[in-house]
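Please read the structure below before turning to the comments.
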Amino acid sequence: MDAQVNSLDAFWMPFTANRQFKSSSARLLVGAKDMHYTSHDGRQILDGTAGLWCSNAGHCRPRITQAIQQQAAKMDFAPAFQIGHPLAFEAASRVAAMLPEGLDHVFFSNSGSEAVDTALKIALAYHRVRGDAARTRLIGRERGYHGVGFGGISVGGIGNNRKHFATMLPGVDHLPHTHDLARNAFSRGQPLHGAELADTLERLVALHDPSTIAAVIVEPLAGSTGVLPPPIGYLQKLRDICTKYGILLIFDEVISGFGRLGAPFATDRFGITPDILSLAKGITNATVPMGATVAATHVYEAFMAGPPGAIEFFHGYTYSSHVLACAAAIATMDTYRDEALFERAAELSPHFEEAAHSLQGASNVIDVRNLGLVAGIELASRPGAIGARAYEVFVKCYEAGLLIRVTGDIIAISPPLIITPAQIDEIFTKLRDIINTVD
Ligand SMILES: Cc1ncc(COP(=O)(O)O)c(C=O)c1O
């Protein structure tokens, strides 16, 4: 039977209640410009989430759009195995130049999930090429989100993303998460309490022996689980313990990268340098899918041994360094630089923090937390119906012209960095009014 044109049926929607969505009045976006989406019924929707934490320079920016259009007409695809194209080298150099000294070799992929899997594979292979093949364990963290590949869900710590898939990478362990409402509710910026949770890594090292551990992977700020900024001192402790035992530290900066925290990357924001870093989303302003895994000099150099004609790392994707993605990435980085958007995010952060914390006291709000241009607003859950309250807020916001993101009963706000102070006020005023209408 032919599929019905415009039927909602054929598209199996990701991370969506398909039956609920398809039986309710649809939420369809048909246009986007700067800070707004246009809905199918012609309404302007203020983008409080930069799409999915990714359109950091706002939508349909002419410079980026034109770069993609021109490249598509000039050369649509070029293979990247044993051959190259100039934009790949330029995009990699530009990413490396943005990062702190020493994080300087960039492996391209197509998504955050692939960037994470690539990071995990680099970590495992790094020890092996150095003759330390017993280091096969990976350590993630409860509530961590590292995408949906088998590597990412294995080190990730979100139960719903794991429970249906019995097969996981072997030898993975997890640090405890850092969410501590009792001590840290309504923290502004990094919470005061919780640095000691990093000491659990010492316990895991003692349990498994350092000679078996390849890498620790964390999001510097846990995003998708519901915005958990790192407690003061926590990341430094992780760094120190990893260094002490020869364990690689991987920062998953898929969300925190490209200005979100009011600095180019979380590594700059917190002054802590990982050995490997994963990126995606804001790297192309989300216009063309792209992921990137950045290896520190010493990690890359470890692979550059053996016969010069030998392939050093048996890994890559057909679309690693896709020309359209590279063109988009270069134009995006030009935009970030010329519009000083990371500096802008830093300047707007105090106003954003004030506006976010004005929700303290709204109905059922049990926490507000923030860092840079990201805020999490946690609602008390309805008994036996986790997520129902925040979902209702999400739908009402959409109907009122505001896009927010919810995870369980946590609302995440992460607007494009081009947002104005007035638009920040609009987001939080509207959100507070709507939260107050939801029982
Ligand atoms: C920290 C982190 N890592 C990885 C991913 C996965 O990225 P993607 O959805 O592009 O595969 C995400 C997505 O939100 C993320 O937040």
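The values are calculated or read from the model by the stated rules, or taken from the named source; none is laboratory data. This one's a predicted model, so the numbers in the text were calculated from it and none came from an experiment. Every residue, glycine as well, gets a Cβ built from its backbone with ideal geometry; the counts of neighbours run over all protein chains shown. Remember, those area values only see protein heavy atoms, side chains included, never the ligands or the DNA or RNA. Shrake-Rupley method; radii C 1.70, N 1.55, O 1.52, S 1.80 Å.
With each run of n ≥ 4 DSSP H residues scored as -39500 (n - 2.57), what mean residue ellipticity at 222 nm is computed for the chain after dividing by its residue count and rounding to the nearest 500 deg cm²/dmol?
Working: 16 runs with 161 residues, N = 439.
Helix contribution divided over all residues of the chain: -11000 deg cm²/dmol.
Once the other residues with Cβ under 11 Å from the Cβ of His298 are scored (Lys, Arg +1; Asp, Glu -1), what is the net sum? Please report the intermediate quantities before stating the final value.
Details: positive: Arg130; negative: Asp104, Asp275, Glu301.
Neighbourhood net charge equals -2.
Compare the peptides 406-412, 107-113 by average per-residue count of other Cβ atoms within 10 angstrom and give them in order, highest first. Each step should come with its number before you reach the end.
On the way: 406-412: 22.0, 107-113: 24.7.
Ranked from most to least packed, the peptides come out as 107-113, 406-412.
What's the extension gain from Arg43 to Cys60 if we count 0.36 nm per residue and subtract their Cα-Cα distance? It would help to have the intermediate numbers written out before the result.
Numbers: separation 17, 0.36 × 17 = 6.12 nm, distance 1.73 nm.
Length gained, Arg43 through Cys60: 4.4 nm.
If the elastic network links every pair of Cα atoms under 10 Å, which of Asp173, Asp104, Asp268 fluctuates the most in the Gaussian network model of the chain?
Highest fluctuation of the listed residues: Asp268.
Whole number in Å², please: accessible area per residue of region 93-236, 1.4 Å probe, ligands, DNA and RNA not counted. All intermediate terms of the calculation are to be shown ahead of the outcome.
Values: 5830 Å² over 144 residues.
So region 93-236 comes to 40 Å² accessible per residue, rounded to a whole number.
Please give me the summed charge of the neighbours of Val368: other residues whose Cβ is under 14 Å from its Cβ, Lys and Arg +1, Asp and Glu -1. Write out the running numbers ahead of the final one.
Details: positive: Arg188, Arg369, Arg432; negative: Glu353, Glu354, Asp367, Glu378, Asp409.
Local charge sum for Val368: -2.
In region 27-105, what percent of the accessible surface is made up of carbon and sulfur (1.4 Å probe, ligands and nucleic acids excluded)? Working shown, then result.
Working: 2440 of 4150 Å².
Carbon-and-sulfur percentage of accessible area, whole number: 59.
Below 8 Å, C-alpha to C-alpha, sequence gap of six or more: please give me the relative contact order for region 129-194 in percent. Spell out each step's value before the answer.
Details: 80 pairs, mean separation 20.2, N = 66.
Worked out over region 129-194, it gives 31 percent.
How charged is the neighbourhood of Lys396? Take every other residue with its Cβ under 10 Å from the Cβ of Lys396, and add Lys/Arg as +1 and Asp/Glu as -1.
Details: positive: Lys430; negative: Glu392, Glu399, Asp433.
Charge balance in the 10 Å sphere: -2.
Run the numbers on the chain and let me know its relative contact order in percent, using alpha-carbon pairs under 8 Å that are six or more apart.
On the way: 865 pairs, mean separation 93.5, N = 439.
That works out to 21 percent.
Which whole-Hz ³J(HN,Hα) couplings does region 146-151 yield from phi under the Karplus relation 6.51 cos²θ - 1.76 cosθ + 1.60, θ = phi - 60°, glycine and proline marked x?
Taking θ as phi minus 60°, the curve returns 10, x, 10, x, 5, x Hz for region 146-151.
Looking at the chain as a GNM with Cα springs under 10 Å, which of Leu28, Leu87, Leu249 has the largest mean-square fluctuation?
So, out of Leu28, Leu87, Leu249, the one fluctuating most is Leu28.
Using label points projected 7 Å from each Cα along Cα→Cβ, tell me how many nm separate Glu142 and Ala10, to one decimal.
4.5
Provide the FRET efficiency to the nearest 0.05 for the Leu181-Glu301 pair, computing r from the beta carbons and using R0 = 56 Å.
Working: r = 44 Å, r/R0 = 0.79.
FRET efficiency, Leu181 to Glu301: 0.80.
Quick check: at a probe of 1.4 Å, how many percent of the accessible area of region 139-207 sits on carbon and sulfur atoms? Provide the component values of the computation, followed by the final result.
Numbers: 1930 of 3360 Å².
Carbon-and-sulfur percentage of accessible area, whole number: 57.
Normalised by the number of residues in region 37-176, what is the relative contact order in percent for Cα pairs under 8 Å and 6+ residues apart? Before the final figure, lay out the partial values.
Working: 116 pairs, mean separation 19.2, N = 140.
After rounding, I find 14 percent.
What accessible surface, in Å², does a 1.4 Å probe find on Phe313, ignoring ligands, DNA and RNA and rounding to the nearest 10?
Using a 1.4 Å probe on the heavy atoms, I get roughly 40 Å².
Residue by residue through region 222-228, what is 3J(HN,Hα) from phi via Karplus (6.51 cos²θ - 1.76 cosθ + 1.60, θ = phi - 60°)? Round to whole Hz and write x for glycine and proline.
6, x, 4, 6, x, 6, 10
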